[in-house]
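Novice: Structure below; questions to follow.
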Amino acid sequence: LNNLDLVVRDLSSGQMATLLRGTPAASWFQPRFSNDGHRVAYRWAEGPMDRRQVSLRVIGTEPGATAQIVLPQVSASPRGWSPDGKAIRVFLTPQELAWVSIEDKSVRTVKAFEKWQEVHDASVSPDGRFIAYSARPVSGSNDKYIYVMDATGQRETAVVKTAGSRGWPIWRPDGTQVFFRGDRGIPGASALWSIRIRDGEAVGEPWIVK
């Protein structure tokens, strides 16, 4: 086992299975499970560093599964799946969030961000209606807020807009809360926070979970 292999572990049995064998010239990045746990989307890179070929791929979690190329020669970073498992949410560039259809390979841009916003990750709600992400509110700010927008990118709300750095939001499985990492008022110290969400809006104030 090394960091170039893609391995899944059954948390109930402790059994591990290797889905992909990597080499120094070919490896995977940023794996994301489908909602049903039966597939993994990942970014695949192979070839010499100066001529690296990158693609978006999907592989099943059953033994002997064969990888499927969804987008060839595209540096797409997977960030999650649609609830029905028919599309993958990706960053096509560090500033462009999009949905990629597994069936017809079509790409639909959700939102194009400004570079100064520094959007690194995004999380889709379990029902597929909303996307949570962290971003800087204005150019030059040292703060990062947590935002929730609808899945089409049309309606956007800052659900956590207190001073400090917030990031890496993820939804509770029932869609009622967003957890995120954030400052806790001590230099260099961070905490796990949560905010309640209803219909894409914040309910109450964020609080420290751990």
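The values are calculated or read from the model by the stated rules, or taken from the named source; none is laboratory data. None of the values given here were measured: they were computed from a predicted structure. Glycine gets a Cβ as well: all are built from the backbone with ideal geometry, and neighbour counts include every protein chain shown. With ligands, DNA and RNA removed, areas are computed over all heavy atoms of the protein, side chains included. Shrake-Rupley method; radii C 1.70, N 1.55, O 1.52, S 1.80 Å.
Novice: Is it the case that some residue within segment 152-162 is closer than 23 Å to Arg89 by Cα, of a type in the set (D, E, K, R) and touching a Pro at 6+ places or on another chain (Cβ under 9 Å)?
Specialist: no
Novice: Only one of (1) at pLDDT 90 or above; (2) open to solvent by 20 Å² or more (accessible area, probe 1.4 Å) is not met by Gly47, so which one is it?
Specialist: Every listed condition holds for Gly47 apart from (1).
Novice: Conditions: (1) open to solvent by less than 40 Å² (accessible area, probe 1.4 Å); (2) part of a strand (DSSP E or B); (3) closer than 24 Å to Val107 by Cβ. Val8 meets all but one. Number of the miss?
Specialist: Of everything listed in (1) open to solvent by less than 40 Å² (accessible area, probe 1.4 Å); (2) part of a strand (DSSP E or B); (3) closer than 24 Å to Val107 by Cβ, Val8 misses just condition (3).
Quick grid of which residues meet (1) at pLDDT 85 or above; (2) exposed (fewer than 14 other Cβ atoms within 10 Å of the Cβ); (3) outside any strand (DSSP E or B); (4) among the β-branched types (Val, Ile, Thr):
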| site | (1), (2), (3), (4) |
| --- | --- |
| Ser12 | yes, yes, yes, no |
| Leu19 | yes, no, no, no |
| Arg32 | yes, no, no, no |
| Ala41 | yes, no, no, no |
| Val54 | yes, no, no, yes |
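Novice: Ala191: more than 17 Å from Asp127 (Cβ to Cβ) and not in a strand (DSSP E or B), yes or no?
Specialist: No.
Novice: In segment 169-191, what residues are open to solvent by 20 Å² or more (accessible area, probe 1.4 Å) and within 19 Å of the chain's Cα centre (by Cα)?
Specialist: Result: Ile170, Trp171, Arg172, Pro173, Asp174, Gly175, Thr176, Phe179, Arg181.
Novice: Something else: Go through segment 182-195 and report how many residues are at pLDDT 95 or above and in contact with a Ser or Thr (Cβ under 6 Å, 6 or more places away or on another chain).
Specialist: Final tally of qualifying residues: 0.
Novice: Of the residues that make up segment 132-152, is at least one surrounded by 15 or more Cβ atoms within 10 Å (Cβ to Cβ) and closer than 19 Å to Arg39 by Cα?
Specialist: Scanning segment 132-152 turns up no residue that is surrounded by 15 or more Cβ atoms within 10 Å (Cβ to Cβ) and closer than 19 Å to Arg39 by Cα.
Novice: Within the set of pairs 6 or more residues apart or between chains, which connect a residue that is open to solvent by 30 Å² or more (accessible area, probe 1.4 Å) inside segment 59-73 to a residue that is in a strand (DSSP E or B) with Cβ atoms less than 6 Å apart?
Specialist: What qualifies is Thr61/Val8; Ala67/Arg57; Ala67/Ile59; Gln68/Val58; Ile69/Ser55; Ile69/Arg57; Pro72/Ser55.
Novice: Of the residues Gly85, Gly64, only one is modelled with pLDDT of 90 or more, within 25 Å of Met16 (Cβ to Cβ) and either part of a loop (DSSP other than H, G, I, E, B) or under 17 Å from the mean Cα position of the chain (by Cα) (or both); which?
Specialist: Residue meeting the stated conditions: Gly85.
Novice: Here's something else I'd like to know. Does Gly204 satisfy being crowded, with 19+ Cβ neighbours inside 10 Å, part of a strand (DSSP E or B) and of a type in the set (Gly, Ala, Ser)?
Specialist: no
Novice: Also, I was wondering about something else. In segment 154-168, what count of residues is obtained for those that are open to solvent by less than 20 Å² (accessible area, probe 1.4 Å) and part of a strand (DSSP E or B)? First the steps, then the outcome.
Specialist: Within segment 154-168, the first condition is being open to solvent by less than 20 Å² (accessible area, probe 1.4 Å), and the residues that meet it are 159-160, 164, 166-167.
From the residues that got through so far, the ones that are part of a strand (DSSP E or B) too are 159-160, 166-167.
Residues flagged as open to solvent by less than 20 Å² (accessible area, probe 1.4 Å) and part of a strand (DSSP E or B) within segment 154-168 amount to 4.
Novice: Moving on. Considering only segment 120-153, how many residues are in contact (Cβ under 8 Å) with a residue 24 or more places away in the chain and either in contact with a helix residue (DSSP H, G or I) (Cβ under 6 Å, 6 or more places away or on another chain) or in a strand (DSSP E or B) (or both)?
Specialist: Residues in segment 120-153 being in contact (Cβ under 8 Å) with a residue 24 or more places away in the chain and either in contact with a helix residue (DSSP H, G or I) (Cβ under 6 Å, 6 or more places away or on another chain) or in a strand (DSSP E or B) (or both): 14 in total.
Novice: Which one of these is of a type in the set (Ser, Thr, Tyr), open to solvent by less than 50 Å² (accessible area, probe 1.4 Å) and free of Cβ contacts under 8 Å to residues at least 24 places away in the same chain: Ser82, Ser27?
Specialist: Details: Ser82 fails: free of Cβ contacts under 8 Å to residues at least 24 places away in the same chain.
Going through Ser82, Ser27 in turn, just one is of a type in the set (Ser, Thr, Tyr), open to solvent by less than 50 Å² (accessible area, probe 1.4 Å) and free of Cβ contacts under 8 Å to residues at least 24 places away in the same chain: Ser27.
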